[in-house]
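Colleague: The structure is given below, and queries will be raised subsequently.
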Amino acid sequence: MKDMKELIKKLVEAYGPSGREEQIREMIKGEIEGLADEVRVDTLGNLIALKCGSGGGLKVMLAAHMDEIGVIVTHVDEKGFLRFAPIGGVRPLALLGGRVVFANGTVGTFGLEKREPENENKVPDLDKLYLDVGAKDKASVPVGVGDVACFQRPFADQGDRLLAKGFDDRIGCAVLIQVMRDLESSPHDVYFVFSVQEEVGLRGAITSTYGIQPDLGISVDVTGTGDTPEARTMAVSLGEGPAVKVKDGGMLAHPAVKDLLIETAEELGIPYQLEVLERGTTDAMAMQVSREGVPAGCLSIPCRYVHTPSEMVDHNDVLNAVKLLVALLSKPIELS
Ligand code: CO
Ligand code: ZN
């Protein structure tokens, strides 16, 4: 089967925190050139590619978000140190010792204010951290208030297991691109939506779904796993197949969409898992409640250490997700 690692590496190493998706959007635009009948960018910045069907099918929307979590500069002091606020679910434990990069290439790392000895091993609040870009004073800081940085970390290929920042949700973007490449014919008009601002409240999915008015919506995003030491109990493991969402913190998947994903996996004989995620949600939540409601579900890529600079996925889960979606889109769909 086709290796997707080159595409994955390119996407995960790109810059694109919520609200600053220009660079990653241009990259994806380049990757899907010639694969769609129509490509447009909507007002919020969603990249929407339509692959027209042969007729008689549904209007299907697939969504994966381009944006990633990051930090936004709130203040620069006289010595050139920066204070920041989170963009999306950034936790202090994931920051110390790491690096972030701004749109202009400026790299920074995090420092921690002095602490009383009794607090030394406690997790600090975010506002006790600052960002150091190596500036000598305020005037020489190459970024300013309102500029946004995301994690900087190279992709690591360890065979089946892949490590990177930003699998949430560039791995979903990679799946959508590969589905566009592999889908030879479909009765359905398929809208591939590379959405913006998911990490700050599914905002891109809200406007794009409203505009497209799909008959069926499927998001492709990461989910957590329960397969690490003393993990929160969860019946999802790395490498045991893409996960069909039943429920997460924001939605109950439409039963017909869930069944459609399960039936397709069973027809293909590929492994799949059922996902009940207690916290967090995806673009499918916004899709589901758009206008008068859209039958929506989600195909998840199991991922360890979500929202840290070293997330981990299994390449086989990614390949099987592509296979499943290509098969699903290749045949007529009846939602009951
Ligand atoms: Co996320
Ligand atoms: Zn995500």
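Every number here is computed from the coordinates shown, using simple stated rules; none is lab data. Keep in mind the model is a prediction, meaning the values are calculated, not measured. For neighbour counting, all protein chains shown are included, and Cβ atoms are generated from backbone atoms with ideal geometry for every residue, glycine included.
Colleague: Please report, in debye to the nearest 20, how large the charge dipole of the chain is about its Cα centre when each Lys and Arg carries +1 at its beta carbon and each Asp and Glu carries -1 there.
Modeller: 560 debye
Colleague: More than 19 angstrom separation, counting every C-alpha pair in segment 70-151; what % is that?
Modeller: On the way: 1048 of 3321 pairs.
So the portion of pairs separated by more than 19 Å is 32 percent.
Colleague: Charges on Cβ only, +1 for Lys and Arg, -1 for Asp and Glu, centred on the Cα centroid of segment 70-151; of Val73, Val107, Val145, which one is farthest towards the dipole's positive end?
Modeller: Val107
Colleague: Another one. Report the Cα centroid-to-centroid distance between segment 149-182 and segment 248-314 in angstrom, as an integer.
Modeller: 17 Å
Colleague: Given an 8 Å cut-off on Cα distances and at least 6 residues of separation, report the relative contact order of the chain as a percent.
Modeller: On the way: 816 pairs, mean separation 78.0, N = 336.
Once divided by the residue count of the chain, the mean separation gives 23 percent.
Colleague: From the phi angles alone, apply the Karplus equation (6.51, -1.76, 1.60; θ = phi - 60°) to segment 316-329 and give each ³J(HN,Hα) in whole Hz, x where the residue is Gly or Pro.
Modeller: 3J(HN,Hα) across segment 316-329, in whole Hz: 5, 4, 5, 4, 5, 5, 4, 4, 4, 5, 4, 5, 4, 7.
Colleague: Now, a different point. Of Lys138, Lys165, Lys258, which has the largest mean-square fluctuation in a 10 Å C-alpha GNM of the chain?
Modeller: Greatest mean-square fluctuation among the candidates belongs to Lys138.
Colleague: Something else now. For every other residue with a beta carbon closer than 10 angstrom to the beta carbon of Leu58, add +1 if it is Lys or Arg and -1 if Asp or Glu, then tell me the sum. Present the calculation step by step, with values, prior to reporting the outcome.
Modeller: On the way: positive: Lys59; negative: Asp189, Asp215, Glu334.
Spelling it out: positives minus negatives among the neighbours equals -2.
Colleague: Assuming a viscosity of 1.002 mPa s and a temperature of 20 °C, what translational diffusion coefficient in µm² per second does Stokes-Einstein assign to the chain, Rh being the Kirkwood radius over Cα pairs?
Modeller: Details: Rh = 20.4 Å.
The estimated diffusion coefficient comes to 105 µm²/s.
Colleague: I've got another one for you. Per DSSP helix of 4 or more residues, -39500 (n - 2.57); summed, then divided by the residues of the chain. What does that give at 222 nm, rounded to the nearest 500?
Modeller: Values: 7 runs with 80 residues, N = 336.
Rounded to the nearest 500, the figure is -7500 deg cm²/dmol.
Colleague: Starting at the first residue of segment 254-262, write each ³J(HN,Hα) from the Karplus equation 6.51 cos²θ - 1.76 cosθ + 1.60 with θ = phi - 60°, in whole Hz, x for Gly and Pro.
Modeller: Values, residue by residue: 4, x, 5, 6, 4, 5, 4, 5, 5 Hz.
Colleague: Would you mind checking the pairs Lys5/Lys165; Lys59/Lys331; Lys247/Lys323; Lys9/Lys331 and listing those with alpha carbons more than 19 angstrom apart? Show your work: numbers first, answer last.
Modeller: Details: Lys5/Lys165 14 Å; Lys59/Lys331 13 Å; Lys247/Lys323 23 Å; Lys9/Lys331 31 Å.
Distance filter (> 19 Å) returns Lys247/Lys323; Lys9/Lys331.
Colleague: If you plug each phi of segment 270-278 into the Karplus form 6.51 cos²θ - 1.76 cosθ + 1.60 with θ = phi - 60°, what whole-Hz ³J(HN,Hα) values come out, in order, with x for Gly and Pro?
Modeller: 9, x, 8, 10, 9, 10, 10, 9, 7
Colleague: Kirkwood Rh over Cα pairs of segment 288-336 into Stokes-Einstein at 25 °C, 0.890 mPa s: D in µm²/s?
Modeller: Working: Rh = 13.5 Å.
Answer, rounded: 182 µm²/s.
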